[in-house]
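Structure record follows, encoded as structure tokens.
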Amino acid sequence: MKKLPDGPKTPKLLQQLHWLGDPIGYMEAAARQPYRDIFQAEPVGWGESPLFVSHPEALQQIFTDPKRFTAPGEMNKIFTPFIGDYSMMTLSGSSHRRRRQMVMPSFHGDRMILYGKLICNQASLAVSKLKMGQIFSARTTTQEISQQVMLQSLFGIKQEERAELLNQGLKNLFEIFDSPFNYIWMFLPILQKNLGPLTSWEYFCRQKQQVDEIIYSEIREQRSSPDPSRTDILSLLIASRDEAGQPMSDVEIRDQLMNLLIAGNETAATAIAWALYWIHYLPEVGKKLLAELDTLEENPDPTSIVKLPYLTAVCNETLRIYPIAMTLLPRQVQEPVELLGYSLPPGKVLIVCVYLTHHREDLYPEPKQFKPERFLERKYSSYEFLPFGGGSRGCIGKAFAMYEIKLILATILSKYKLELAEPRPVKPQRRGVNIMPTGGVKMVMKDQRSR
């Protein structure tokens, strides 16, 4: 049995600083070691020397053997300040399965059709506010669209004033991700102390309290006046019951809503901004995509949009080259097991590295190049392409996220001509636990588009 491979040789503190400031650079440097498929590292947030894994064979073993490789919710406590103690991310075992079963119906069936119309309308509304010749941030615009979609689909708030208060409160909450110095406390709980009104932790707590007050008010009102005609996710969660016939508490519902808000909002907005960049940075990609969109009728049904093959390939390649989540939630070995020829002891923490899997030369030749055609030429397994995770911790809203990304892209590109304000390469940067385009992708509104 082979000895566990070492990772980077730099001191632990320097590794942690590198990970916090430049996670892609950290992973790429580590992957240049002799052991690319599996190596020990010293990032922040996962205990002592977790094992980074990126080989599809190992990922298949991890995802399909949940008894030996568990996904303990307590290992995700760094997210607790945002999503609470009762969200799916921080629960384990039967509690996690119960919650997942209660939330799952929100993202299937007729509800997706209703969401489709909402998504297209919000995309049209947001972009129509831009003036011709105006330079704007694609990431800011897509964030606005995605946040409105999430607010309406999750809450369906009728009171305009309350909806705007929640919208602004969430914007303020997400602002902490704008700089690593603002959210370093997320990885270092020792910094989660109120040291005065100017500290980022105190600011976060204040904004979170304001958002929570609005959410709890909405929960109480919907409980007191149930309306079976409502289609928002909050109403579904209030009405849902587990196998024992038990409902969720107000706190449990709040935590699920925040989990969905943070995961869905950040994922879609960032992916769409990246896609707009690649589509306009590589003219041949944009030309092919517009030609495909022009095959649709005027005001097409959302279902026909999401079936377009090249649009799907563009979205997949966007999520491959810079996956929104660089790594997945940690797994832990429960009993002695062999992985890729290495003997792993109980308690060993494993980090599935999506970024490194998506940049394997043997799977994706020229992985730094944006090539949507690779997804038309080959079908990848769920252990080779995994932008939404896998196994028991796979993203519950992945179908909704892809649906949203495709519809927003198609709506914007079908109606407007855009250009990059600065036609030069855009580099990735950390935003919380995600990767976003530096500068948000500056674009210019050129004109309305006609076929």
Open item on the list: I'm trying to understand the selection: among the residues of region 170-203, which are over 18 Å from residue 263 (Cβ atoms), modelled with pLDDT of 70 or more and among the hydrophobic types (A, V, I, L, M, F, W, C)?
Closed with: 201
Open item on the list: If residue 158 satisfies all but one of (1) at pLDDT below 90; (2) part of a helix (DSSP H, G or I), what's the number of the condition it fails?
Closed with: (2)
Task: region 71-99 residues that are farther than 20 Å from residue 247 by Cβ, paired with ones that are outside any helix (DSSP H, G or I) and among the charged types (D, E, K, R) (beta carbon under 7 Å, 6 or more apart) - done: 71/331
- [ ] Kindly list the number of the only condition in (1) crowded, with 20+ Cβ neighbours inside 10 Å; (2) more than 30 Å from residue 92 (Cβ to Cβ) that fails for residue 404.
- [x] (2)
Task: Residues (modelled with pLDDT under 80 and surrounded by fewer than 17 Cβ atoms within 10 Å (Cβ to Cβ)) located in region 6-35 - done: 6, 9, 32, 33, 34
Task: Selected residue [in contact (Cβ under 8 Å) with a residue 40 or more places away in the chain and under 25 Å from residue 340 (Cα atoms)] from 20, 4 - done: 4
Open item on the list: What are the pairs with Cβ atoms under 6 angstrom where one residue, in region 220-241, is modelled with pLDDT under 90 and the other, located anywhere, is of a type outside the set (Gly, Ala, Ser) and in a loop (DSSP other than H, G, I, E, B)? Sequence gap at least six, or different chains.
Closed with: 232/155; 241/247
Task: Residue in region 222-244 that is within 30 Å of residue 379 (Cβ to Cβ) and among the hydrophobic types (A, V, I, L, M, F, W, C) present - done: no
Open item on the list: One residue is enough: does region 4-13 have a residue meeting the conditions over 20 Å from the mean Cα position of the chain (by Cα) and of a type in the set (Asp, Glu)?
Closed with: yes
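In region 221-261, what count of residues is obtained for those that are among the acidic types (Asp, Glu) and assigned to a helix (DSSP H, G or I)?
4
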Open item on the list: Conditions first: (1) touching a strand residue (DSSP E or B) at 6+ places or on another chain (Cβ under 7 Å); (2) of a type outside the set (Gly, Ala, Ser); (3) surrounded by fewer than 21 Cβ atoms within 10 Å (Cβ to Cβ); (4) modelled with pLDDT of 95 or more. Residue 284 passes all but one, so which condition is the exception?
Closed with: (1)
TODO: Return the pairs, sorted by first residue and then second, in which the second residue is surrounded by 11 or more Cβ atoms within 10 Å (Cβ to Cβ) and in a loop (DSSP other than H, G, I, E, B), the first residue lies in region 127-138 and is in contact (Cβ under 8 Å) with a residue 24 or more places away in the chain, the beta carbons are less than 9 Å apart, and the residues are 6+ apart or on different chains.
DONE: 135/421; 136/130; 136/421; 137/441; 138/441
- [ ] Scan 413, 418 and give me the residue that is farther than 28 Å from residue 108 by Cα, at pLDDT 95 or above and surrounded by 20 or more Cβ atoms within 10 Å (Cβ to Cβ).
- [x] 418
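The values are calculated or read from the model by the stated rules, or taken from the named source; none is laboratory data. This is a predicted model, so every value here is computed, not measured. Glycine gets a Cβ as well: all are built from the backbone with ideal geometry, and neighbour counts include every protein chain shown.
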